[in-house]
């Protein structure tokens, strides 16, 4: 068999050209360009979920919006796809071979309490924004983790603690500052670009590199919330009590419940290491006495091991679930449910409780029920008709075999939960190996794809979850 000889001169020429191009970009930046082989390459490419190994073509740590503009123009000129991450949440293998822009330095916050709006840079995390709102009587539509960026959360839908009274995070977007696929930097709103704003309210980062957003803020003169912990052996009774409460809960009350198994690892405190619990997490736009009354029936069902419910500042809200803020390994998934009835509770406790056969670290139910609120009129409804709860599953997986086992366990459980399925999930709850066809039905996906072809026909911009698949 003969082989085609390698044209070494052509190969060397391409290599020199590529190196020269990267050198030109690096010289034009206020920030830093990182390339494979650089000493800081592992840190530059690190995903928040460290089970996901990212393989971008290069990383730009942007210092300014001008760096973002220059990088997008470079990508368009060179035929390289470009994407953005402030801290690595939502990372997956769809970003391989892209030019990755780190936007963490774009961290300015402007608050207009009178207009009840905030403008935040792409690097601003929810914890920082919420803390800046302490004392204002206002809140953003924050989720369960203060380390998540405001921009990423809102672009992906954003299931918030305040989704029941005010809608998802995406519905609070009033204006977006972005760099489009041609490298043009501009602010857009419903007045200037209604179709693009529609897509950005939950459709992800496929339509431009977002450098800042303006979001609506919402009245929160009094916030009370926290976690009530029970032994996992009380899970069946606690989950039934949660179902009873949420059947009539006012919109101002949000209740989430979970079964959690902590691994027996030395990094964990003695009081939780190797232990299993049932947690009820709740928040109320109201007083401590009111929340105490709402949760009384749940507290009465089991042995309360710990109770952190208390008056909260806006900056405290993201700490209720006590989620880790440091990068960690794991696999997760989610689905929407029509009910949390006795049969479902029995199934979940049997499969994921203390004697369960599925290797899941956590299964969590988030109550969504009540009138469906989308926020601004230009936002599409991310909650499927009939969806009363979101169920989220997590397996902490420091080893590859545990990752595979966790993913298989989630698939098995969701197959068994199919009779209660309410349709697509929320994009921000997608796992790293999933795609947007689990979050949107065909008409919505078709609309997003048509818009993508209109604003970015060369597919320069790459979101965490591409509208055309991987």
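At-a-glance table
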item: Among 50-59, 321-330, the order from most to least packed when residues are scored by Cβ within 10 Å on average; result: 50-59, 321-330
item: Per-peptide average of other Cβ atoms within 10 Å, ordering 135-144, 245-254 highest first; result: 135-144, 245-254
item: Percent of beta bridges antiparallel (DSSP, the chain, rounded to nearest 5); result: 85
item: Binned Cα-Cα distance frequencies in region 174-244 - 5 Å width, integer %; result: 3, 12, 17, 14, 6, 6, 9, 11, 11, 7, 4, 1
item: Relative packing of 154-161, 431-438, 26-33, which averages over residues the other C-beta atoms within 10 Å, highest first; result: 154-161, 431-438, 26-33
item: Normalised alpha carbon radius of gyration of region 109-219 [divisor 2.2 N^0.38 Å]; result: 0.99
item: Reduced Cα scattering model of region 9-102, Debye log10 I(q)/I(0), q = 0.18, 0.22, 0.23 Å⁻¹; result: -0.80, -1.14, -1.23
item: Estimated 222 nm signal from helices in the chain, with DSSP H stretches of n ≥ 4 weighted -39500 (n - 2.57), rounded to 500; result: -8500 deg cm²/dmol
item: Fraction of antiparallel bridges per DSSP, region 9-102 only, in percent to nearest 5; result: 25
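Read the figures in this text as sums done on the coordinates, not as results from a lab. These numbers come from a predicted model, not from an experiment. Cβ sites come from the backbone with ideal geometry, for glycine too, and all protein chains shown count toward neighbours.
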